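The values are calculated or read from the model by the stated rules, or taken from the named source; none is laboratory data. Here the structure is a predicted model, which means the values were calculated and not measured. Here Cβ is always computed from backbone atoms with ideal geometry, including for glycine, and neighbour counts include all displayed protein chains.
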């Protein structure tokens, strides 16, 4: 099983860090006040009626509590680990200081069982983000350790309602126990799809909207694998992607949402009461993700709100250095370790896989960038499977896809389809070592990850 291999690598990481990590993480933080406290712990939950699932949770729930922060306001979050194994927390999409990024072996020691860690950072960007572990990710996310993080604009933007949908599939047997999170066959392809979809932790979700209102609907794909194609059967505009407002809102038709990605919609709720749908479009077919029940009511008139842009640094494209990054399939052969168990490596970046994630096996960075310089990454998916490519610590600007010029937009994750090419650019203004990987967790765990160094 690939899951046991992942656990072995994680334990190797912990042993590499040794007693220093255990002692350091277990020390009581020096302050006693925090904006939030997150406790990671096992907790049985009911996903299939009449059954119990041995989930891992934040504060006893999955998804965990929605964290609401304020743009440009510092935050301190105390994390306590009551799991039977080490963990960390990554704040997906947040441009923060490297020490708070939550990547074991790269930015921090793992938090051991019984230990605690305080994450301190300030969010320069407003928008929709999420949080999850970056340790034994396949199992820890698969067991339910995901949560929504919303950064509110420093100057509030008013909607009649601000709602959210957290999308996640579970891998379950009929009795509620966990089915395998992966197989070698699926990991070498598009990944293992779950068999029990949920929205906000529920098998079915219905939100109530007031007729005539203007609603902000935040949708986050917290699944390990699945791509959703978001649609709606009521008027909707795409106003932000991955936490970043679009230069101009666009009408929603079908918006692809790979693992880890988010989209913000502005809904102009019809005056006529009834039940509408947020959809997952699959070719000619559409499946309901969430019901929207429109009820009569009185709301003050409201023009469609405009989101202020986030302070993404200006690019110097005329002097930008180009860096090619190719994502390829390494083959189906699985090397066998000294213990006689297969240790599969299926994916590479620039023909190199990072499958052993610890200091003893820390590879060279994919690229070393100089502070303040602009870089263009030439991304190429040389495989037949989609890859949501995510860069920690930065917002990048999508310049083109498959040589077709488009209106540049900002994001932290781009979904690359079969044989697709894209050019994205960043200003290297955040020093440190930053993870760069596919967010299909099985792809990450079998080689498709690396890191960018900014000095």
Of all residues in the range 57-77, how many are assigned to a strand (DSSP E or B) and surrounded by fewer than 19 Cβ atoms within 10 Å (Cβ to Cβ)? 7
Out of the residues in the range 17-56 that are crowded, with 18+ Cβ neighbours inside 10 Å and modelled with pLDDT under 55, state the one that is nearest to residue 198 (Cα to Cα). 25
Here's a check for you: in the range 351-385, which residue that is in contact with a strand residue (DSSP E or B) (Cβ under 6 Å, 6 or more places away or on another chain), crowded, with 21+ Cβ neighbours inside 10 Å and not in a strand (DSSP E or B) is modelled with the highest pLDDT? 383
Name the residues in the range 303-330 that are modelled with pLDDT of 95 or more and closer than 30 Å to residue 446 by Cα, would you? 321, 322, 323, 324, 325
So residue 173, is it modelled with pLDDT of 95 or more, farther than 30 Å from residue 267 by Cα, surrounded by fewer than 24 Cβ atoms within 10 Å (Cβ to Cβ) and under 20 Å from the mean Cα position of the chain (by Cα): no
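Residues are listed down the side, and each one gets a yes or a no for (1) assigned to a loop (DSSP other than H, G, I, E, B); (2) within 19 Å of the chain's Cα centre (by Cα); (3) farther than 15 Å from residue 392 by Cα; (4) in contact (Cβ under 8 Å) with a residue 60 or more places away in the chain:
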residue	(1), (2), (3), (4)
118	no, no, yes, yes
121	no, yes, no, no
138	no, yes, yes, yes
150	no, yes, yes, yes
Sort out which residues of the range 229-247 are in a strand (DSSP E or B) and either in contact (Cβ under 8 Å) with a residue 40 or more places away in the chain or in the same structural domain as residue 127 (by TED's automatic domain parsing) (or both), and write them in order of number. 229, 230, 231, 232, 237, 239, 240, 241, 244, 245, 246, 247
When every residue in the range 427-447 that is over 24 Å from residue 187 (Cβ atoms) and not in a loop (DSSP other than H, G, I, E, B) is compared, the one farthest from the chain's Cα centre (by Cα) is 427
